[in-house]
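Quick one: structure below, then a few questions.
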Amino acid sequence: MKKETETSMITVRKAPKQYRSETLVASILEASIQVLEQYGIVKFTTARVAERAGVSVGSLYQYFPNKAAILFQLQCDEWQQNTNMIAAILNNSALSHKERLERLVQQFIKSECEEATMRQALADAAPFYRDAPGVAEIKAQGKRIFSEFVQDICQDQATTAIKIEVLMRTLGSVGKDFSIQTRSPKQIDQFAEQISIMLCGYLGL
């Protein structure tokens, strides 16, 4: 019989339905964040998570069959938070397209800096869940929002696809690189302002 890998087991064993269960799952995920930030992915174990959460390993396994499942849930939550933030800003028709992009860059860079340690740990953990079912669709959500925004302002539809890719890759790359070092609020604001100017110019805003 073929040995089941951690990646193939990335599912939540039992979905929480009651308040007590939801609280337990929330405690496990919060403890997981703390363990990741303290020990990194190399020493991240379900035993450490259970100990930090104050629950038995058996209770943890009721909801997460292995550490890959925990890491995948943390990454999904992080992706969803990012997607919600992007949607709230780029779909805000009360603002001009330029104002939306400026606000998005500001919030995105700030978020990257505030959660740099956690995001680096999840990036290191990517091999555990890279091929998990649903990953492509989760990532596609954010791309669809960027696509609609760029298509709405792009006069040359022939270059829309490359502009979407440039916008997303630039934000992702510069945000990650900039957040490696600890930054002051003033440094974050100044950096975000310059990135905004560059991207607004690129998109003709």
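The values are calculated or read from the model by the stated rules, or taken from the named source; none is laboratory data. This one's a predicted model, so the numbers in the text were calculated from it and none came from an experiment. Counting neighbours? That spans all protein chains shown, and the Cβs are built from the backbone with ideal geometry, glycine included. Note: areas computed on protein heavy atoms with side chains; ligands, DNA, RNA excluded. Shrake-Rupley method; radii C 1.70, N 1.55, O 1.52, S 1.80 Å.
In whole Hz and in residue order, list the ³J(HN,Hα) couplings for segment 71-84 that follow from phi through the Karplus curve 6.51 cos²θ - 1.76 cosθ + 1.60, θ = phi - 60°; x for Gly and Pro.
4, 5, 5, 4, 5, 4, 4, 5, 4, 5, 4, 4, 4, 4
Which of the following values of Rg and Dmax of the Cα atoms in Å was calculated from the structure shown: (i) 19.0, 84; (ii) 15.7, 49; (iii) 19.4, 59?
Recomputing Rg and Dmax of the Cα atoms in Å here picks out (iii).
Here's a follow-up. If you line up the long axis of helix 97-114 against the longest principal axis of the chain, both from Cα atoms, how many degrees apart are they, to the nearest 10?
The angle comes out near 40 degrees.
Right, here's the next one. Give me the number: length gained by fully extending Thr159 to Met85, i.e. 0.36 nm times residue separation minus the C-alpha to C-alpha distance, one decimal in nm.
Going from the current span to full extension adds 24.1 nm.
Mind checking which aspartates and glutamates have their C-alpha under 19 Å from Lys67, skipping anything on the same chain fewer than 8 residues away?
Output for Lys67: Glu4, Glu6, Glu22, Glu30, Glu37, Glu51, Asp77, Glu78, Asp124, Asp131.
For Pro185, what is the net charge nearby, where nearby means another residue's Cβ is under 13 Å from its Cβ and Lys, Arg count +1, Asp, Glu -1?
Taking every other residue near Pro185 into account, the sum is 0.
Given the -39500 (n - 2.57) contribution per DSSP H run of 4+ residues, what per-residue ellipticity at 222 nm results for the chain, rounded to the nearest 500 deg cm²/dmol?
My calculation for the chain gives -23000 deg cm²/dmol from helical runs alone.
Given a 1.4 Å probe and the protein chains all in place, what does the accessible area of Met168 round to, in Å² to the nearest 10?
Probe radius 1.4 Å; accessible area of Met168 about 60 Å².
Shape of segment 78-188 from its Cα gyration tensor (a ≥ b ≥ c, root eigenvalues): rounded if a/c is under 1.5, otherwise prolate when a/b > b/c, or oblate?
oblate
May I ask you to give the solvent-accessible area per residue for the chain, in square angstrom, as obtained with a 1.4 angstrom probe?
58
Give me the percent of the accessible area of segment 28-155 that comes from carbon and sulfur atoms, probe 1.4 Å, all protein chains in place.
About 47 percent, which is the carbon plus sulfur part of the accessible surface.
Quick check: with the 1.4 Å probe, what order do Arg52, Arg100, Arg183, Arg169 take by accessible area, largest first?
Greatest to least solvent exposure: Arg169, Arg52, Arg183, Arg100.
On to the next question. As a test question: what accessible area, to the nearest 10 Å², does Arg144 have when a 1.4 Å probe is rolled over all protein chains in place?
Arg144 has an accessible surface of roughly 110 Å² with all protein chains in place.
Right, next: How much length is gained if the chain between Glu137 and Ser56 is pulled fully straight, taking 0.36 nm per residue apart and subtracting their Cα-Cα distance, in nm to one decimal?
Between Glu137 and Ser56, full extension yields 25.8 nm more.
With every protein chain left in place, what is the accessible area of Asp152 in Å² (1.4 Å probe, nearest 10)?
100
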